[in-house]
Each structure stands twice: as structure tokens, then as C-alpha cells.
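Q: Got a structure here, written out as C-alpha cells. Questions coming.
Rule-based calculations on the coordinates, nothing more; no lab input. On a predicted model such as this, the values are computed, not experimentally measured, just so you know. All Cβ positions, even for glycine, are placed from backbone atoms using ideal geometry, and neighbour counts span all protein chains on display.
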Amino acid sequence: MKSIEVNGRAYSWVKQPTVVVCVDGCEYDYLTEAVKAGVAPFIGALLQSGKAFKGDCVVPTFTNPNNLSIVTGVPPKVHGICGNFFYDRDADAEVMMNDAKYLRAETILARFSQAGAKVAVVTAKDKLRKLLGHGVVNGICFSSEKADQCTIAENGIDKVLDFVGLPLPSVYSADLSEFVFAAGVKLMQTVRPDLMYLSTTDYIQHKYPPGTDGANKFYAMMDRYLSELDKLGAVIGVTADHGMNAKTKPDGSPNVIYLQDHLDSWLGASKARVILPITDPYVVHHGALGSFATIYVDASLRAEVSTKLKATPGIEQVLTNSEAAEQFELPPDRIGDLVIVSEKNVVLGTSAAKHDLSGLDAPLRSHGGVSEQTIPLLFNRTVNATTTRRLRNFDVMDLVLNQTH
Ligand SMILES: [Zn+2]
């Protein structure tokens with residue numbers, strides 16, 4: 001049977017329409033709690049029948065590195081995307097990493113489309129569209145955020161609001177994700193893509209813990225659409241880009257270590273540069289606070305900074321560039337001299353003055369650290385034995401194309 005090799009892994013040619021879903025911020029408990037509440041019967045059936053697994057995502061447990069790992073089948077050291085945001089040493093500038101020029105590997109989606117498969121990509125936020133759709137030929141690729149602006153030339157489809165039958169959703173809403181699922185079902189009913197990738201947004205997961213009404217409503221919605229895709233004959237693989245945890249003190253206020261403020265008081269102003277790779281244009285629901293940060297600092301000061309940070313309560317790991325590159329499989333040229341991971345209920349900031357937390361209308365929940373690494377892998381087909389291997393979210397394409405029957 002024909003197979004396609006991408007980034008050193010072989011993928012069997014699609015036998016039936018195949019859908020891979022990345023549910024943003026999907027801590028495993030969201031699934032079990034929604035099932036327990038009786039609102040997600042389709043997911044419940046998958047959980048019960050041995051078609052659900054726990055795996056690990058990529059650290060930093062952020063959206064872009066993990067979405068790109070899922071569609072390339074490899075970790076960031078190969079594809080190059082290790083954050084939403086980074087400090088480009090060559091350009092001496094802090095820049096968004098959402099341009100395809102930063103991508104160092106081809107995607108499985110692109111390679112399948114180039115070999116003649118019908119490929120569709122629907123993302124919630126537009127920030128991911130260009131990276132995920134890079135290299136896809138004759139395919140459909142759009143975001144719910146800009147669904148009103150699609151053209152045949154740019155997106156392979158137009159009049160998307162009419163096609164999906166929903167109004168343009170707000171970028172801060174559960175509707176942004178529902179639009180992705182609704183579009184996926186519509187595409188399956190009409191175009192019937194051979195390979196489709198759906199990627200949602202974690203607006204709900206940042207706001208509502210597992211088992212709450214707000215969360216269960218989201219998973220009930222997702223359950224309905226997954227069940228529809230299943231009825232339409234699609235092979236489905238569901239995973240997540242990262243988990244999600246409360247990042248609050250006992251009084252409910254955000255539990256933040258402001259790294260730049262610490263460094264400035266230890267070393268003097270501007271001797272070190274803190275970069276938060278969670279930073280993106282959509283910070284209202286997390287204030288750009290996550291559990292992973294990287295520091296650029298002169299070699300002569302690194303040992304002192306490292307010692308002091310290791311002694312700071314709430315810090316879980318302080319790694320050198322090469323230690324972090326090895327442990328988390330990251331491209332060393334795109335991370336700082338030190339990599340800092342905070343504990344489960346702690347986030348890292350730059351300076352207190354630089355974080356606008358006024359938009360937080362619920363106790364802070366976020367991600368980025370090792371504590372958000374466990375993610376679900378869920379299939380609507382039986383998967384060949386995988387118990388001996390450490391499953392990663394970026395194995396989902398391999399599992400869904402090669403290992404289901
Ligand atoms: Zn995410």
C-alpha cells in the first residue's frame with residue numbers, strides 16, 4: 001500500500017476520510033467529568049472501550065509548538081516552532097513565531113495534499129492558519145476568526161459563513177471553537193476531505209475547571225459534532241496541545257513570579273531579558289502568564305541567576321540552554337540561555353507593571369509547564385497495542401493513519 005514519508009516517519013495513505021482534532025487545553029479530566037455528568041455519550045463510549053489513552057505533549061506546553069508537532073509528527077527541535085513568541089538573536093528583536101518562514105519541517109498535511117489527497121484545515125484563531133496550512137496545495141484552509149474574509153485564492157473556499165450556517169464568532173468565545181467543529185461536519189458532508197485537521201481555542205478551558213457547567217457545556221457541544229463526524233464515516237483521532245491548571249493562591253489571586261523584577265533587583269536594570277513564549281495578541285484570558293519562561297543573560301551572570309532562581313519558591317526547574325534543548329527536544333537557537341519552569345499552580349511573568357490582568361474575569365488558569373504535559377489521545381477505532389511506548393500528542397497522525405483498524 002502507498003505510504004508517504006514525512007520527517008522520517010511513514011504514514012499509510014488515507015483509506016477513509018480521516019479527521020484529527022486538537023482540542024486546545026484539553027486536560028484529561030474535562031473528558032471524564034463531562035462523561036460523568038452524562039453530557040458526552042459519544043466520548044463516554046470511547047473512554048470505555050479502550051480507545052482512549054493518556055500521552056504527553058511538548059514542553060513548553062503552549063499552543064503553537066504543539067499544533068506544529070501534531071501536524072509534522074516531530075518535536076520542536078525538528079520543526080523549529082518552540083513558542084508563540086521568541087527573541088530572534090540575529091534580528092535582535094522580540095517577534096511572533098507565527099510566520100511560516102520559521103517552520104523548518106514539512107507538515108504531513110502538506111505532503112498528503114502534494115500527493116493528491118484532499119486536505120482541509122480549520123483553526124479557531126487565525127494565528128495558526130498560515131503555519132498549519134503551509135505547503136498545502138489545492139486544499140481548504142481557514143480560521144473561524146476570519147471566516148468572513150475567505151477567498152478561493154487564499155483559503156480554497158469563500159462565503160464560509162453561509163456554508164457553515166453560523167454567524168462570525170467573537171475571538172473570545174466558545175463559539176469560535178464550535179464554528180471549527182460545525183465547519184468540519186459541513187466539509188465532511190460536502191467536500192469529504194481525505195485528511196482534515198481541526199484545531200480549537202482554549203477560551204473555555206482558561207475560564208472553567210473540569211466538571212463545571214461552563215466546561216461541560218463545551219464538551220457536550222464537542223461530543224455532538226464528533227458523533228456526527230463518526231456517523232459520516234470518518235476515522236477520528238482527538239488529542240490536545242496541552243493541559244490546563246489553576247494558577248492561583250489560596251485567596252484566588254494569580255500566583256505569579258515576576259522574573260524580570262527579580263532579575264533587575266539582583267543584577268541591575270536590563271542586565272537580563274525575560275521572554276515569555278506564551279505571549280500572543282490574544283492575552284485577555286491569561287494575561288500572558290504561563291509556567292514557562294526563558295532568560296537571555298550574559299554568560300558571566302548565569303550561575304548566579306540560576307542559583308537564586310532555584311532557591312525561589314514556586315520554581316520547579318532552572319535549565320541551561322543545552323539541558324532544556326535536550327530534555328524538551330527544543331531548537332537551541334530559539335530558546336534563551338536559561339529555561340525556567342514553574343510549579344503546577346504558579347505562573348511566570350516579566351515585570352508586574354507589564355501584565356494587564358484587568359481582563360481576567362475568572363481565577364487564573366493557564367499552562368506552559370511540565371504540569372500541563374498530560375493530554376488525551378482518543379480514537380473512534382481500535383488502536384493497535386501501544387502500551388509499551390510513551391505516547392505523544394504528535395503520534396496522533398501515526399496512530400490514526402497506521403495503527404487503527
Ligand atoms: Zn493551547
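Q: Going by how many other beta carbons lie within 10 Å of each one, how would you line up His206, His405, fewest first? Don't jump to the answer; show the numbers that get you there.
A: Values: His206 20, His405 9.
By the 10 Å Cβ count, ascending, the order reads His405, His206.
Q: Related question: List the trypsin sites (Lys or Arg not before Pro) in region 158-260 that DSSP assigns to loop (not H, G, I, E or B) and whose Cβ has at most 12 other Cβ atoms within 10 Å. Which are they? Display every interim value, and only then the final one.
A: On the way: sites: Lys159, Lys186, Lys207, Lys217, Arg224, Lys231, Lys247; in loops: Lys159, Lys247.
Listed in order of number, the matching sites are Lys159.
Q: While we're here: Is region 283-405 rounded, prolate or oblate when judged by the Cα gyration tensor, a ≥ b ≥ c being the square roots of its eigenvalues, rounded requiring a/c under 1.5 and prolate requiring a/b larger than b/c?
A: It is oblate, given that a/c is not under 1.5 and a/b is not larger than b/c.
Q: Sticking with this structure for a sec: With a cut-off of at most 12 other beta carbons within 10 Å, and DSSP calling the residue loop, which trypsin sites (Lys or Arg not before Pro) in region 45-117 qualify? Please list them.
A: Arg89
Q: Could you check which residue among Thr61, Thr107, Thr350 shows the biggest mean-square fluctuation in a GNM of the chain with a 10 Å Cα cutoff?
A: Residue with maximal mean-square fluctuation among Thr61, Thr107, Thr350: Thr350.
Q: Strictly over 26 Å apart at the Cα level, which of Lys247/Lys271; Lys130/Lys186; Lys54/Lys354; Lys127/Lys159 would you flag in this model?
A: Pairs exceeding the cut-off: Lys247/Lys271; Lys54/Lys354.
Q: Oh, and also: What does the helix-only formula give at 222 nm for the chain: each DSSP H stretch with n ≥ 4 adding -39500 (n - 2.57), the total divided by the residues, and the result rounded to the nearest 500 deg cm²/dmol?
A: So the calculated ellipticity at 222 nm is -8500 deg cm²/dmol.
Q: Neighbour counts of other C-beta atoms within 10 Å: give me Phe53, Phe142 arranged from fewest to most.
A: Arranged by neighbour count, lowest to highest, Phe53, Phe142 become Phe53, Phe142.
Q: In degrees, nearest 10, range 0 to 90: what is the angle between the Cα axis of helix 63-72 and the longest Cα principal axis of the chain?
A: Between the helix axis and the principal axis of the chain, the angle is about 50 degrees.
Q: Quick check: the distance between the Cα centres of region 1-66 and region 84-122, to the nearest angstrom?
A: 21 Å
Q: Have a look at the DSSP beta bridges in the chain and tell me what percent are antiparallel, nearest 5.
A: Working: 33 of 56 bridges.
Roughly 60 percent of the DSSP beta bridges within the chain come out antiparallel.
Q: Now for a separate question. What distance in nm separates the two pseudo spin-label positions at Asp356 and Lys217, each 7 Å out from Cα along the beta-carbon direction?
A: About 2.6 nm, to one decimal.
Q: Cα extents of region 8-124 along the three principal axes, largest first, in whole Å?
A: For region 8-124, the Cα extents along the three principal axes come out at 53, 34, 24 Å.
Q: Using only Cα atoms, tell me the angle between helix 299-310 and the longest principal axis of the chain; keep it within 0 to 90° and round to the nearest 10.
A: Approximately 80 degrees, to the nearest 10.
Q: Can you tell me the 0 to 90 degree angle between the C-alpha axis of helix 213-231 and the longest principal axis of the chain, rounded to 10?
A: 40 degrees
Q: For Phe42, Phe163, which order do you get if you count the other beta carbons within 10 Å of each Cβ and list the fewest first?
A: Listing Phe42, Phe163 from fewest to most nearby Cβ atoms yields Phe163, Phe42.
Q: Mind listing P(r) for the chain? All alpha-carbon pairs, 20 Å bins, whole percents.
A: Per 20 Å bin, starting at 0, the Cα pair percentages come out as 29, 58, 13, 0.
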